[in-house]
Amino acid sequence: MYGETPLTLWAEIVKKAQVSRLDRLIDLGCGRGRLCLWTSFWIGCHVTGIDWVPSFISRGRLLSRLFRLSSLGFDCIGISQVSLKEVSVVFLYTYHPDEYKIDFKQLPKGARVITVSESLHQEDFITTGSVNGVFPWGKTTIFINKKL
């Protein structure tokens, strides 16, 4: 079951993951782009939202223009097609059939991947922290995974 990440929980997650204005964050499966907008505005880092639903991406682009956030972008592509070479933080909300195709090896050393309900089961990653969270569908744990 899907339910958007509450912004108060997201604030706690980015604090625990030590997301700063120097980061480049990508939200895989950004939906309507709320977290992207919040992160770009309040943290000040470069944020890209990825989703395959055109209406979500159109809405995100509109918000980016309305708030004049040059550090906020949106792309309507599949999550397995994304380049992660210059990304320092990835948010992956939930399991997706294409998740196993994401090339996390592209990420630079020290990059963090934030996952919901399960830690990242990838070679060269360790779980460095977690946050307990409440979503519209129930309680779970959010994991912060770091590339070695």
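For every residue, the table says whether it meets (1) free of Cβ contacts under 8 Å to residues at least 40 places away in the same chain; (2) under 23 Å from GLU86 (Cβ atoms); (3) over 15 Å from the mean Cα position of the chain (by Cα).
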| site | (1), (2), (3) |
| --- | --- |
| GLN106 | yes, yes, yes |
| PHE125 | yes, yes, yes |
| ASN132 | yes, no, yes |
| PRO136 | no, no, yes |
| LYS139 | yes, no, yes |
Within segment 96-122, considering residues that are surrounded by 12 or more Cβ atoms within 10 Å (Cβ to Cβ) and either at positive phi or among the aromatic types (Phe, Trp, Tyr) (or both), the one modelled with the lowest pLDDT
SER117
Residues within segment 20-37 that are buried (at least 23 other Cβ atoms within 10 Å of the Cβ), in contact with a Cys (Cβ under 9 Å, 6 or more places away or on another chain) and part of a loop (DSSP other than H, G, I, E, B), tallied:
1
Filtering segment 42-90 for residues that are among the hydrophobic types (A, V, I, L, M, F, W, C), touching a Pro at 6+ places or on another chain (Cβ under 9 Å) and more than 21 Å from VAL116 (Cβ to Cβ) leaves a count of 1
Scan of segment 38-57 for residues that are over 11 Å from the mean Cα position of the chain (by Cα) and either over 15 Å from ASP75 (Cα atoms) or in a helix (DSSP H, G or I) (or both), ordered by number
TRP38, SER40, PHE41, TRP42, ILE43, GLY44, CYS45, PRO54, SER55, PHE56, ILE57
Can you tell me which residue among LYS85, LYS109, LYS139 is over 16 Å from ASP27 (Cα atoms) and outside any strand (DSSP E or B)?
LYS109
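Report whether or not ASP51 is among the charged types (D, E, K, R), surrounded by 17 or more Cβ atoms within 10 Å (Cβ to Cβ) and at pLDDT 95 or above. Give the steps one after another, and end with the answer.
Numbers: among the charged types (D, E, K, R): yes; surrounded by 17 or more Cβ atoms within 10 Å (Cβ to Cβ): yes; at pLDDT 95 or above: no.
Considered against the rule, which asks whether it is among the charged types (D, E, K, R), surrounded by 17 or more Cβ atoms within 10 Å (Cβ to Cβ) and at pLDDT 95 or above, ASP51 comes out as no.
Search segment 58-69 for residues being free of Cβ contacts under 8 Å to residues at least 24 places away in the same chain and not in a loop (DSSP other than H, G, I, E, B), and hand back the single one that is surrounded by the most Cβ atoms within 10 Å (Cβ to Cβ). Walk me through it before giving the result.
So the first thing to find is which residues in segment 58-69 are free of Cβ contacts under 8 Å to residues at least 24 places away in the same chain, and the list is 58, 61-62, 65-66, 68.
Applying the additional criterion that residues be not in a loop (DSSP other than H, G, I, E, B) yields 58, 61-62, 65-66.
Numbers: SER58: 13, ARG61: 17, LEU62: 12, ARG65: 10, LEU66: 9.
Within segment 58-69, the match that is surrounded by the most Cβ atoms within 10 Å (Cβ to Cβ) is ARG61.
The values are calculated or read from the model by the stated rules, or taken from the named source; none is laboratory data. Because the structure is a prediction, the values reported are computed rather than measured. Cβ coordinates were reconstructed from backbone atoms using ideal geometry, including for glycine residues, and neighbour counts include every protein chain displayed.
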